[in-house]
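Peer 1: Structure in structure tokens, see below.
The values are calculated or read from the model by the stated rules, or taken from the named source; none is laboratory data. Keep in mind that what you see is a predicted model, and the values were worked out from it rather than measured. Neighbour counts run over all protein chains shown; Cβ positions are idealised from the backbone, glycine included.
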Amino acid sequence: METTAGRLLVSAPDLGDDNFDRTVVFMVDHDGDGALGLVLNRPGAARVVDHLPDLGIPVIEPAVFFSGGPVAPGAVLVLGRMTATGPLRNAVGVRGPVVVVDVERLVEADVDGVDGLRLFSGYSGWGPGQLDGELAAGVWQVVDAGPDDVLCADPETLWRSILRRQGGRSASLGLFPDDPSVN
């Protein structure tokens, strides 16, 4: 098993699972016990400020709760962007400037070293060996995250743009029509 932690999973265009159709998942953790990730390109309608008005750290636009995946839809997970200076407190670095923030400490305004947030409702989870099987079956492409992928300003175009920058067959998958019957 090779870990995907800190990388992106990009779904095949014809996955056949509404939870993950045309998704980009940032992998927070992946080891022998299973895997946990957050869908980056499913912004919801609920504005963060309507539910958590006093976070003290700006929410990155679009400032809505994202659907992180089908597991525990009532749970809130937070990704953040590490500041260039200062140590982290109540946040853990994942890869590059991306950190996971303790949501309870965030609400208590007890987080340092983070200058932007994205909040997710629910997460994507796999049991031991489950993700490895999906990877072997070709359900996902594993790619390195670009500097602006995880907290991107335009999540609706993320799936296509990541595929297209891979080149070759992956780039052509990024051109796959939303509705293949009109192709």
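Peer 1: When you scan the stretch 60-79, do you find a residue that is among the polar types (S, T, N, Q) and in a strand (DSSP E or B), even just one?
Peer 2: yes
Peer 1: While we're here: Out of all the residues in the stretch 9-31, is one or more surrounded by fewer than 13 Cβ atoms within 10 Å (Cβ to Cβ), assigned to a strand (DSSP E or B), in contact with a strand residue (DSSP E or B) (Cβ under 7 Å, 6 or more places away or on another chain) and at pLDDT 95 or above?
Peer 2: No, every residue in the stretch 9-31 fails to be surrounded by fewer than 13 Cβ atoms within 10 Å (Cβ to Cβ), assigned to a strand (DSSP E or B), in contact with a strand residue (DSSP E or B) (Cβ under 7 Å, 6 or more places away or on another chain) and at pLDDT 95 or above.
Peer 1: Out of G37, G68, I need the residue that is more than 20 Å from D144 (Cβ to Cβ), small (G, A, S), crowded, with 17+ Cβ neighbours inside 10 Å and modelled with pLDDT of 95 or more. Which one?
Peer 2: G68
Peer 1: Has the stretch 40-50 got at least one residue that is of a type in the set (V, I, T), modelled with pLDDT of 95 or more and assigned to a strand (DSSP E or B)?
Peer 2: no
Peer 1: Related question: What pairs come up if the first residue lies in the stretch 100-120 and is under 18 Å from G68 (Cα atoms), the second is exposed (fewer than 15 other Cβ atoms within 10 Å of the Cβ) and among the β-branched types (V, I, T), and their beta carbons are under 7 Å apart, counting only those six or more places apart or on different chains?
Peer 2: Note: pairs meeting the criteria are V100/V92.
Peer 1: Kindly indicate whether L77 is touching a Phe, Trp or Tyr at 6+ places or on another chain (Cβ under 9 Å), surrounded by 15 or more Cβ atoms within 10 Å (Cβ to Cβ) and not β-branched (V, I, T).
Peer 2: yes
Peer 1: Scan the stretch 87-128 for residues that are surrounded by 14 or more Cβ atoms within 10 Å (Cβ to Cβ), part of a loop (DSSP other than H, G, I, E, B) and either at pLDDT 95 or above or not small (G, A, S) (or both) and report the count.
Peer 2: Summing the residues that are surrounded by 14 or more Cβ atoms within 10 Å (Cβ to Cβ), part of a loop (DSSP other than H, G, I, E, B) and either at pLDDT 95 or above or not small (G, A, S) (or both) in the stretch 87-128 gives 5.
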